[in-house]
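Asker: A single structure is presented below for examination.
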Amino acid sequence: MATLLTSRPDIIAILEDRGYRSTAPRRAIIRILEDMHEGFTAEDVGRELPGVGRATIFRTLKLLMETGVICRLNLMDGAPRYSLSRIEHHHHTVCVECGKVGEFRAATVERLMRVIGEDIPGDIVGHRIEFYVNCDECIGDEPS
Ligand SMILES: [Zn+2]
Ligand SMILES: [Zn+2]
Ligand SMILES: [Zn+2]
């Protein structure tokens, strides 16, 4: 049974806890992220913030990724996309129609990964799993 995750952490508080200053461009980017459609690209963020340089946006996204605040998603079309993270270790569902991102945790998946990992040479440092789906809304839109 997968647990769906819906609440969001206070990003600025997380950054400050880890010793990062909340500069004006960082705060602007974080404000935008909180309103972003899930599965956004760096370009989407740039469009909303014409006054903030591309390099600053990329650096900030990287920082947020390193602190676990946002996730980078592997999509089938190859464009790197990001979504706000709600919890430390989790996996994603991504709608192939609308790009909507969901997060879930499943103890069964983690158990399976540990079992498989025993047969994999080397020290495993992580894994990522994305399920590609047609979300309920997109299924609902289909002409009957
Ligand atoms: Zn995530
Ligand atoms: Zn969808
Ligand atoms: Zn996992």
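Asker: Being loosely packed, with under 14 Cβ neighbours inside 10 Å and farther than 15 Å from residue 57 by Cβ is the filter here, so list the residues in segment 18-32 that pass it.
Answerer: 18, 19, 21, 22 - these are the residues of segment 18-32 that are loosely packed, with under 14 Cβ neighbours inside 10 Å and farther than 15 Å from residue 57 by Cβ.
Asker: Now, a different point. Which residues, counting only those in segment 33-81, are among the β-branched types (Val, Ile, Thr) and either in contact (Cβ under 8 Å) with a residue 24 or more places away in the chain or exposed (fewer than 13 other Cβ atoms within 10 Å of the Cβ) (or both)?
Answerer: The initial filter retains those residues of segment 33-81 that are among the β-branched types (Val, Ile, Thr), namely 41, 45, 52, 56-57, 60, 67, 69-70.
Residues satisfying the conditions are 41, 52, 56, 57, 60, 67, 69, 70.
Asker: Looking at the structure I just gave you, is residue 78 modelled with pLDDT under 90, more than 16 Å from ligand 3 (Cβ to nearest atom), among the small types (Gly, Ala, Ser) and touching a Gly at 6+ places or on another chain (Cβ under 7 Å)?
Answerer: On the way: modelled with pLDDT under 90: yes; more than 16 Å from ligand 3 (Cβ to nearest atom): yes; among the small types (Gly, Ala, Ser): yes; touching a Gly at 6+ places or on another chain (Cβ under 7 Å): no.
It is false that residue 78 is modelled with pLDDT under 90, more than 16 Å from ligand 3 (Cβ to nearest atom), among the small types (Gly, Ala, Ser) and touching a Gly at 6+ places or on another chain (Cβ under 7 Å).
Asker: Keeping to segment 75-117, report how many residues are in a loop (DSSP other than H, G, I, E, B), out of contact with any Phe, Trp or Tyr (no Cβ under 9 Å at 6 or more places or on another chain) and of a type outside the set (Ser, Thr, Tyr).
Answerer: Narrowing segment 75-117 to residues in a loop (DSSP other than H, G, I, E, B): 75-80, 85-90, 96-100, 106.
Keeping just the survivors that are out of contact with any Phe, Trp or Tyr (no Cβ under 9 Å at 6 or more places or on another chain) gives 77-80, 85-89, 97-98, 100, 106.
Then drop every residue that is not of a type outside the set (Ser, Thr, Tyr), which leaves 77-80, 86-89, 97-98, 100, 106.
Number satisfying all stated conditions: 12.
Asker: Just one of (1) within 16 Å of ligand 1 (Cβ to nearest atom); (2) touching a residue at least 40 places away in the same chain (Cβ under 8 Å) trips up residue 98, so point out which.
Answerer: Tallying (1) within 16 Å of ligand 1 (Cβ to nearest atom); (2) touching a residue at least 40 places away in the same chain (Cβ under 8 Å), residue 98 fails exactly one: (1).
The values are calculated or read from the model by the stated rules, or taken from the named source; none is laboratory data. Only a predicted model underlies this, so the values are computations on that prediction, with no experimental measurement involved. In this analysis, Cβ positions are derived from the backbone assuming ideal geometry, glycine residues included, and neighbour counts consider all displayed protein chains.
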